[in-house]
Amino acid sequence: MRVRNFCAGPAAIPEPVLEEVRSELLEWGNAGMSIMEMSHRSSIFDEVASNAKQDFIELLDIPDEYDVLFLQGGATHQFSMVPLNFSSQEDSADYLVTGAWSKKAIVEGQKYSKINIVASSEADNFTHAPDSKLWNLDSNAKYFHYAPNETIQGVAIHQPPDIDTPIVADMSSVILSEPIDVSKFSLIYAGAQKNIGPAGLTIVIIQKEMFEKENSSNSNILRYSQHSKNNSMLNTPPTFAWYMAGKVFKWLKSEGGLEVICKKNHFKANTLYQYIDESNFFSNPVAVENRSIMNIPFILADNNLDSLFIEQAEQNGLLNLKGHRSLGGMRASIYNAMPIEGVHDLIEFMKDFEKTNG
Ligand SMILES: *Cc1c(COP(=O)(O)O)cnc(C)c1O
């Protein structure tokens, strides 16, 4: 009954997690109620919440100098919260533009801060990331913002930049897909609905020394330090999403952690890219060194066949392959929860489609 879901977000969730959630839906343990009907201040929820946080810290090997916050508002809210806290109209921040999301971050950032666009690959339709040797960095910038994985264009920067400015990264579509060196970043944020769990939760990893640089005139709900001080319970957190994220973290640990999942992700992505590159019918426009391992856009040689492709894919249980409305074509999002079998199914379908229509 369950299909192969290639949606970019909200995305597929590991099946064992959904099974467990189902078994706990009427009653969590012996609590006589589900987790989503409980006070966020209850000892039961407190334990669920802190276990999830601890597992997340262990998975990413997050150093003690960082805190992890479980917030709301999505990654989009962070587009404002970051400049509100760490810059001002008198100050400037550096932004790298590699796709739709890093561009959107600037639209919000501009309302609170001067923005220096370090480099942009928009003129090349975001088919690569600008060469770091050509970046126009501002030595006085309050922070440097970028999106290591552009979900729509499928463009990735696989190594953190080697710069002195505090680095802020939008990792919404790449978090937990591979190990990262958190110490290279001052702030990492990610909406949950791609690789963490259900929508409604946004995770922020923040270097504690950033709290001192924060703009204290903001209301508490907009201040990282206040969320930290209150263990992300300054107000009611998204309890159900937090609980489910905890289950995804346990699942990731049982799968062997991020080293193992990273190998699987690279294998999945390479398998699909290899087929696309060998095909005369499908193509991916992104420079090889900037290809995403999570979101793989591809186009058909004849875009008049797009709707037929999507229709027949659906008939074969392969859903949500339509590319972003701004880009057209196709996109396969293959987050952690997509097994290699799903990629094989997709390739088999693409081969058949190419044979019949190519
Ligand atoms: C999905 C996504 C966003 C937007 O996330 P919301 O939670 O909908 O605000 C921002 N940045 C990136 C890289 C994304 O993939």
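The values are calculated or read from the model by the stated rules, or taken from the named source; none is laboratory data. Given the structure is predicted, the values throughout are model-derived calculations rather than measurements. Positions of Cβ are generated from backbone atoms using ideal geometry, with glycine treated the same way; all protein chains shown enter the neighbour counts. Areas reflect the complete protein model, heavy atoms only, side chains present, ligands, DNA and RNA absent. Shrake-Rupley method; radii C 1.70, N 1.55, O 1.52, S 1.80 Å.
Some observations on this one:
- The Cα atoms of the range 177-247 give a gyration tensor whose axes a ≥ b ≥ c have a/c of 1.5 or more with a/b no greater than b/c, which makes the shape oblate.
- Part-to-part distance (alpha-carbon centres) for the range 290-309 and the range 233-247, which is given in Å: 35
- Surface share of carbon and sulfur [accessible, 1.4 angstrom probe, percent] for the chain: 48
- Over the residues of the chain, the helix contribution to mean residue ellipticity at 222 nm works out to -11000 deg cm²/dmol, using -39500 (n - 2.57) for each DSSP H run of at least 4.
- Contact order normalised by residue count of the range 15-254, Cα under 8 Å, 6+ apart, percent: 26
- Of the peptides 62-69, 168-175, 79-86, the order by per-residue mean of other Cβ atoms within 10 Å, starting with the highest, comes out as 168-175, 79-86, 62-69.
- Contour minus Cα-Cα distance for Q315 and S139 (0.36 nm per residue): 57.9 nm
- Shown in residue order for the range 156-161 are the 3J(HN,Hα) couplings computed by the Karplus curve 6.51 cos²θ - 1.76 cosθ + 1.60 at θ = phi - 60°: 10, 10, 7, 10, x, x Hz (x for Gly and Pro).
- Rg/Rh for the chain stands at 0.98; both radii use Cα atoms, and Rh follows the Kirkwood definition.
- Charged-residue dipole, Cβ positions (Lys, Arg, Asp, Glu), the range 256-357 about Cα centre, Debye nearest 20: 320
- If a spin label sat at a point 7 angstrom from the Cα of E209 along the line to its beta carbon, the backbone N atoms of the range 145-168 nearer than 13 Å would be those of 164-167.
- Furthest towards positive pole of dipole, N51, L26, V68, structure part the range 1-77, Cβ charges: L26
- Charging the Cβ of each Asp and Glu at -1 and of each Lys and Arg at +1, and nothing else, the dipole of the chain about its Cα centre rounds to 560 debye.
- Computed lengthening from L308 to R41, 0.36 nm per intervening residue step minus Cα-Cα distance: 91.0 nm
- Too-long pairs where the Cα-Cα distance tops 27 Å, listed order kept, from K268/K322; K184/K264; K250/K322; K133/K264: K250/K322; K133/K264
- Listed residues S228, S333 arranged by accessible area, highest first, probe 1.4 Å: S228, S333
- Most tightly packed first, judged by the mean number of other beta-carbon atoms within 10 Å of their residues, the peptides 235-245, 39-49 read 235-245, 39-49.
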